[in-house]
Amino acid sequence: MLSNLTVSRKRGLFYIVEVGGWSIKWDGQYITKNLNKLNLLQSRITTTHLGARNKIIHFGSVNIFLKENGSRRPHKSNKVVLTWFHFVPGHKRNKNILSSQNRLSFLHTSCNITKNKLISFGVNPEKIKVIPLGVDLSLFKPCSQEKRQALRKELDIPVGKVVVGSFQKDGVGWGEGLEPKLIKGPDIFVKVVSLLAKHYPIFVLLAGPARGYVQKELKKRNIPYISLGHRTLSEVAEYYHALDMYLITSRIEGGPKAILEGMASAVPVVSTKVGMVGDITTDNRDVLLGEVEDIQGLFQKASQLIENANLMEQLKQGGLKTAQNYSWSKIAQRYYQEIYKHLL
């Protein structure tokens, strides 16, 4: 009888990522890298399923798998897994998931909010696996006060500013991003920051593609900022070290990744109750949580943080402790145990 390892190498994993090379690609790289490193499953990332036979085909995003007129159809010799991070009600593609269920071995999501929405939409709950996102603890880690000050000087951030971070893609498309992607809450972000700027010396540090809407609105309100654009993951990890807090104002999320990245970097996070945030964190222990679209509530949480050094330290330590449970190595092992080994 063949061992699991022999069988796994025979079948292998193709993790399908988007061409754009942003967040989904990073997920695929970490999952496949750790599966190979742990000798669990021969794995690789690719942008296409074409030509694959007798493989586990994992579509890392619903955007890759579902189309408005149907879905991808890998060869029937493959086992198919789909990751669906967040469910957007009313989207034209949603109707096609029900007719595609028989081609999916498992449907993975990163949070119970999405799981419950998929079930209410008609997805078979037995096919859904919830595994949160991971974080690279070798990249996202605390830094010294000296390094923090040096980075701020390098970025020309004036002394005495309260630096609020936002590292994401929150514009529609891959261009300038002047049309806001509302599920990411860029309009809420600007309004919360505007309130903060009336009371504190706020400076905003942005990273990520398609940030045009936020830049335009900050400029209109005379709020100082730097937008660093599309950066590598290692560069993003460094920029956390310049922050006093990270602000998440999303309406819908699968992650967000920033919740773990901020905590692992010892940066206090103020977040809406979206995605996996409620699954992995606790208000006032490792993050500060506000309701979706509650501008005043998020402003008050952020103000509380700025004015309370003890609370800031409490969140730093609590966040660091929580983040240790979500290394990509541990998450990749969960993918193997809860999904892939059942398909070998």
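The values are calculated or read from the model by the stated rules, or taken from the named source; none is laboratory data. As the structure is a prediction and not an experimental result, all values here were calculated from the model. Don't worry about glycine lacking a Cβ; one is built from the backbone with ideal geometry, like all the others, and counts go over all protein chains shown.
Annotations
- Test set (1) in contact with a Gly (Cβ under 7 Å, 6 or more places away or on another chain); (2) under 22 Å from Gly255 (Cβ atoms) - Glu176 fails condition number: (2)
- Only one entry of Lys147, Lys153, Lys220 meets the criterion of being in contact with a helix residue (DSSP H, G or I) (Cβ under 8 Å, 6 or more places away or on another chain), surrounded by fewer than 14 Cβ atoms within 10 Å (Cβ to Cβ) and basic (Lys, Arg), and that entry is Lys147.
- Residues in the stretch 79-88 that are in contact with a strand residue (DSSP E or B) (Cβ under 9 Å, 6 or more places away or on another chain), at pLDDT below 95 and surrounded by fewer than 23 Cβ atoms within 10 Å (Cβ to Cβ) were compared, and the one that is farthest from Leu13 (Cα to Cα) is Phe87.
- Hits in the stretch 223-255 (condition: surrounded by 20 or more Cβ atoms within 10 Å (Cβ to Cβ) and either within 30 Å of His108 (Cα to Cα) or at pLDDT below 95 (or both)): Val236, Ala237, Tyr240, Tyr246, Leu247, Ile248, Thr249, Ser250, Ile252, Glu253, Gly254, Gly255
- Exactly one residue out of Val123, Val162 is farther than 19 Å from Ile56 by Cβ, surrounded by 12 or more Cβ atoms within 10 Å (Cβ to Cβ), assigned by TED's automatic domain parsing to the domain that holds Arg251 and in contact with a helix residue (DSSP H, G or I) (Cβ under 8 Å, 6 or more places away or on another chain), and it is Val162.
- One residue from Ser23, Ser8 being modelled with pLDDT under 85 and within 16 Å of Arg334 (Cα to Cα): Ser8
- Count of the stretch 22-60 residues which are polar (S, T, N, Q) and surrounded by fewer than 21 Cβ atoms within 10 Å (Cβ to Cβ): 8
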